[in-house]
Amino acid sequence: MTVATCKRFSAPADLERFRDELRRRPPAAARTVRVCIGTGCTARGSHKVYELFTQALKEVGAKAEAAKCVGCHGFCERGPIVVVQPGDILYQRVEEPDVAEIFRETIMGGRVVERLLYEDPATKARARTSAEIPFYKAQQRIVLAHNGEIDPKRIEDYVAVGGYAALAKTLATMTPEEVLSEVEKSGLRGRGGGGFPTGRKWRSCREAPGEPKYVICNGDEGDPGAFMDRSVMEGNPHSVIEGMIIGAYAIGSHQGYLYVRNEYPLAVEHLKLAIAQAREFGLLGEDILGTGFSFDIRINRGGGAFVCGESTALMASLEGRPGEPRAKYVHTVEHGLWDKPSNLNNVETWANVPPILNNGSGWFAAIGTAKSKGTKVFSLVGEVVNTGLIEVPMGMTLRQIIFDIGGGVKGGKAFKGVQTGGPSGGCIPAQFLDAPVDFDELTRLGSMMGSGGMIVMSEDTCMVNVARYFTHFLMDESCGKCTPCREGLAQMLAILDRITHGEGQPGDIDQLQKMAGLLEGAALCALGKTAANPVMSTIRYFRQEYDAHIIEKRCPAKQCRGLFRYEISVERCKACGLCRKHCPAEAVSGAKKTPHVIDQQKCTRCGTCLEKCPFDAVLKV
Amino acid sequence: MADETLVEEIVRRYDGEIGMLIPMMQDLQTACGYLAVDQLKRLAERLEVPLSRLYAVATFYSSFRLAPKGQHEVTLCVGTVCHLKGAGAISEMIREAFKVEAGGTTPDGLFSFQPVNCVGACALAPVMIVDGKYYDGVSKDSVLKILHGLPLAEPAAKGEGNK
């Protein structure tokens, strides 16, 4: 409703006045409740939880605004997350039946519902606020600072926490040159994978001859296991838009594009709304804040092609063509979209821009390591206790991230490796757990930062199978334009298939390495050039697993079918007969009350017995 | 019926700009459920580009389909984390049990099956989405139960589609 009454800002001071007014406004109610509507929590029913809260509020005659939908809190493992203010009381795994109790006890009564608080698995201590939970304690949030705090559908929420102040400051007091130099001095590097210095990219684009110039946001987050950009677009869309406007001002662009992955409908919805609101407030479009600078943004949805995360492929897609990359010796900052100078950065990079201009380049450059400044958002997933989204300063060690924040490996299993950088990244083994995480260190270890996926793997993960999975993924997603990538990946996959089926031959590893070298040297784009990384890094660190498959015909992680056996434990078997009944090969025999036995000659290693056994008596050996 | 008006309206929505070809085709698919050859021809004519250009786009991007979809939409995440937690075997089972190809539709038209690379809900792995509803931590058994429980509408709807 405030949107309707608000006038278009015609000067930077208008924005300030509006922010002050928002801050002076009394809160909608004595206590407010924030419900996370990120994809993880939504999938577990948080929308219903939110509805129940608004309903309950209405019933007691309170303002419905006391309940708020907010973006991802990051602690997806414990979703749906509900936070009650004041007091920052964090409730986790809130289900529909819990709403009434939270409403009665906390919102109306001001008492804490102990059973819904986070309980530390080790100490059994209950944490009242997020600050007391180890998962949040070690984090430093810049990009995610307001995620989970503001309603992404309300521009007022963003303005109230200081949103668009950086834009107002930039337009009112800085020249484009000053903005460029500030971003350069901050040391910000692209968060999308390459880690190219953002300020230098902006400058090249500004100085490139040709008009118009385009500014593009890459929201085509395709790495499986990575969802940080999605959470920013969903949870704080205005921060991305503000970053883009500032960038456009510095570069001298008047048209921007937001390219969002097709699988992220909620992000598209929130961004569309945010763009409409920003236009309405005079923060986007003609004559922004009355300063004479004009810039607008258009949203394009991707078509479901991983390769479109590559900048030239993305631009081809924006032109309405299949997303095939082109050779990079022609730089996109000079000849990009429609052959015009184009500057592309990813979501997280853009979202870093407003805080840098608000707080100064010195502040940003003081965080992180010598060559990697600021923080990085990671999606910590896989076999880790606390799955979720985290933001930590560059230089934190893998051990701190995986064990202190992530809580270690699920089920008390041994840690085997962590896969970083998406399909083009690599697997880092346990001996490097104390390596500081930054752009250069990860590259040195044969992996890369990528967009920030971190997939934790335990002793039960077969690294050859992991390499096969990523190679298969990349072969599927190869656009087919250049031969090394199209044909090379298929050949590498054939070899990996053979190895995981127990038909590996001596010389296979040499062959894989040879083809990997070819790919790196001859493929057209970054997808192809780095496609062998998963294979190369697993050969480098887990060679013994390859050898076990090829020479001993054995899968040490007992994952590759046919390379291990199923046996029934005499002690555990209760002779219930379920395995015998379900075995499709009639390989299980046994009478009543006598432990069953698998006939290894007949067994096809399908694993049905293991799935059906209620007593965990079927073992992989 | 209003195929012509639909194409015309979509083209106008984007000022006939060829750069917006993908959004136009997305809108067309949203409206009809798939990209019918007749409509693609009309769109190509209207934009004055060869039909092959539209075909190239339609076959390059995995979200486009050239055949009608089933009554239900089943999306299975086969991203890295889901893969580690067994999504590959679930995908194989669905294909065998329902005689459906990845990206295809079951012979009875019950559902279209689309394995996708990552829906970004890794905390819920393995994840299956049926008509927009997320199912977390699925197994072969639970998937079978969910899919067998899908209602199959009367075949009358089919006849209408063929007209």
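The values are calculated or read from the model by the stated rules, or taken from the named source; none is laboratory data. Computed from a predicted model, the values in this text were never measured in an experiment. So basically every Cβ, Gly included, is an ideal-geometry build from the backbone, and we count neighbours across all protein chains shown. Accessible surface is based on the protein model in full, side chains and every heavy atom, while ligands, DNA and RNA are left aside. Shrake-Rupley method; radii C 1.70, N 1.55, O 1.52, S 1.80 Å.
Kindly state, to the nearest 0.05, the FRET efficiency for A:Asp440 paired with A:Lys328, given R0 = 30 Å and r defined as their beta-carbon distance.
Values: r = 21 Å, r/R0 = 0.70.
According to the calculation, E is roughly 0.90.
Magnitude of the Cβ-charge dipole of region A:155-365, K/R +1 and D/E -1, about the Cα centre, nearest 20 debye?
Values: 19 positive and 26 negative charges, 90 e Å.
Roughly 440 debye, rounded to the nearest 20.
What's the local net charge at A:Glu132, with K and R +1, D and E -1, over the other residues with C-beta under 13 Å away? Present the calculation step by step, with values, prior to reporting the outcome.
On the way: positive: A:Arg126, A:Arg128, A:Lys137; negative: A:Asp88, A:Glu119, A:Asp120.
Residues close to A:Glu132 contribute a combined charge of 0.
Just checking the output field for B:55-61: average partner chain Cβ neighbours within 10 Å of each residue's Cβ? Working shown, then result.
Details: counts 0, 3, 6, 2, 1, 13, 9.
The mean count of partner-chain Cβ atoms within 10 Å per residue comes to 5.
Leaving out same-chain residues fewer than 8 places away, which lysines sit with a Cα under 17 Å from that of A:Lys373?
A:Lys185, A:Lys201
What residues qualify as long-range amide H neighbours of A:Gly382, i.e. H under 5 Å apart, gap of 5 or more or another chain, H built at 1.01 Å from N?
A:Val456
Give the distance, in whole Å, between the Cα centre of region A:501-546 and the Cα centre of region A:277-334.
35
Going by accessible area, probe 1.4 Å, with all protein chains left in place, what is the ranking of B:Glu17, A:Glu114, largest first?
From most exposed to least exposed: A:Glu114, B:Glu17.
How big is the A/B interface in buried accessible area, both sides summed, 1.4 Å probe, to the nearest 100 Å²?
Numbers: alone 25200 and 9720 Å², together 31590 Å².
In total, this chain pair buries about 3300 Å².
Which residue fluctuates most in the GNM of chain B (Cα springs below 10 Å): B:Met20, B:Met128, B:Met93?
Highest fluctuation among the options: B:Met20.
Roughly what % of DSSP beta bridges within chain A run antiparallel, to the nearest 5? Working shown, then result.
On the way: 35 of 60 bridges.
Antiparallel: roughly 60 percent of the beta bridges in chain A.
Arrange the residues A:Met396, A:Met244 by how much accessible surface each exposes, largest first, with a 1.4 angstrom probe. Spell out each step's value before the answer.
Details: A:Met396 25, A:Met244 0 Å².
My answer, sorted largest first, is A:Met396, A:Met244.
I want to check the label-to-label distance for B:Lys41 and B:Glu96. Put each point 7 Å from Cα in the C-beta direction and report it in nm to one decimal.
Output for this residue pair reads 4.3 nm.
Which percent, nearest 5, of DSSP beta bridges in region A:31-137 are antiparallel? Each step should come with its number before you reach the end.
On the way: 10 of 14 bridges.
Around 70 percent of the beta bridges assigned by DSSP in region A:31-137 are antiparallel ones.
Give me the aspartates and glutamates in straight-line cross-link reach of A:Lys553: C-alpha distance below 12 Å, same-chain residues under 8 apart excluded.
Within reach: A:Glu503, A:Glu545.
What percentage of the solvent-accessible surface of region A:566-620, computed with a 1.4 Å probe over protein heavy atoms, is contributed by carbon and sulfur atoms? Could the numbers behind the result be given before it?
Numbers: 1800 of 3500 Å².
Exposed carbon and sulfur together represent 51 percent of the surface.
Could you compute how fast region A:31-137 diffuses translationally, taking Rh as the Kirkwood radius over C-alpha pairs and applying Stokes-Einstein at 4 °C with viscosity 1.567 mPa s? Give it in µm² per second. Before the final figure, lay out the partial values.
Details: Rh = 13.6 Å.
Here the translational diffusion coefficient equals 95 µm²/s.
Considering every residue in A:72-80, what mean count of other chain Cβ atoms within 10 Å of its Cβ is obtained?
Values: counts 1, 0, 0, 1, 5, 3, 1, 4, 0.
So the per-residue partner count for this stretch is 2.
Under a 1.4 Å probe, what is the accessible area of region A:375-458 per residue, stated in Å²?
Details: 1930 Å² over 84 residues.
Per residue, region A:375-458 has 23 Å² of solvent-accessible surface.
Just from its helices, what would the mean residue ellipticity at 222 nm be for chain A, if runs of 4 or more DSSP H residues each count -39500 (n - 2.57) and the sum is divided by every residue, rounded to the nearest 500 deg cm²/dmol?
On the way: 24 runs with 234 residues, N = 621.
-11000 deg cm²/dmol, from helical runs alone.
Per the helix-only calculation at 222 nm, which mean residue ellipticity applies to chain B, given -39500 (n - 2.57) for every DSSP H run of n ≥ 4 and division by its residues, nearest 500 deg cm²/dmol? Walk me through the numbers on the way to the answer.
Details: 8 runs with 77 residues, N = 163.
It lands at -13500 deg cm²/dmol.
Three principal axis extents, largest first, for the C-alpha atoms of chain B, in Å?
Largest first, chain B extends 50, 37, 23 Å along its Cα principal axes.
Within region A:231-263, which residues have the backbone N less than 18 Å from the label spot 7 Å out from A:Lys272 along Cα→beta-carbon, could you tell me?
Only A:233-238, A:241, A:257-263 pass the distance filter.
Using packing as a proxy for protection, rank A:350-356, A:205-211 so that the peptide with the highest average count of other Cβ atoms within 10 Å comes first. If you can, show how the numbers build up before the last one.
On the way: A:350-356: 27.6, A:205-211: 15.6.
With the highest mean Cβ count within 10 Å placed first, the list reads A:350-356, A:205-211.
Within region B:88-134, report the GluC sites (Glu not before Pro) that DSSP leaves as loop and that have at most 15 other Cβ atoms within 10 Å.
Numbers: sites: B:Glu92, B:Glu96, B:Glu101; in loops: B:Glu101.
Within region B:88-134, the qualifying GluC sites (Glu not before Pro) (loop, at most 15 other Cβ atoms within 10 Å) are B:Glu101.
Here is the link list: A:Lys272/A:Lys328; A:Lys620/B:Lys145; A:Lys7/A:Lys272; A:Lys7/A:Lys68; A:Lys416/A:Lys529; A:Lys124/A:Lys410. Which ones come out longer than 22 Å on Cα distance?
In this structure, A:Lys272/A:Lys328; A:Lys620/B:Lys145; A:Lys7/A:Lys68; A:Lys416/A:Lys529 lie more than 22 Å apart at Cα.
Given +1 on the Cβ of Lys and Arg, -1 on the Cβ of Asp and Glu, and no further charges, what dipole in debye does the protein assembly as shown carry about its Cα centre, rounded to the nearest 20?
On the way: 92 positive and 92 negative charges, 323 e Å.
The dipole magnitude comes to about 1560 debye.
Please average, across the residues of A:310-321, the number of beta carbons from any other chain that are within 10 Å of each residue's own beta carbon, and give a whole number. Write down the numbers at each step before the final one.
Details: counts 0, 0, 0, 0, 0, 0, 1, 6, 3, 5, 15, 8.
Partner-chain Cβ atoms within 10 Å, mean over residues of A:310-321: 3.
Probe radius 1.4 Å, ligands and nucleic acids ignored: give me the carbon and sulfur share of the accessible area of region A:363-420 as a rounded percent.
Percent of accessible area from carbon and sulfur atoms in region A:363-420: 56.
Which distance in nm do the two modelled labels at A:Arg279 and A:Ser181 give, with both placed 7 Å along the Cα-to-Cβ direction?
Between A:Arg279 and A:Ser181, the simple spin-label model gives 3.7 nm.
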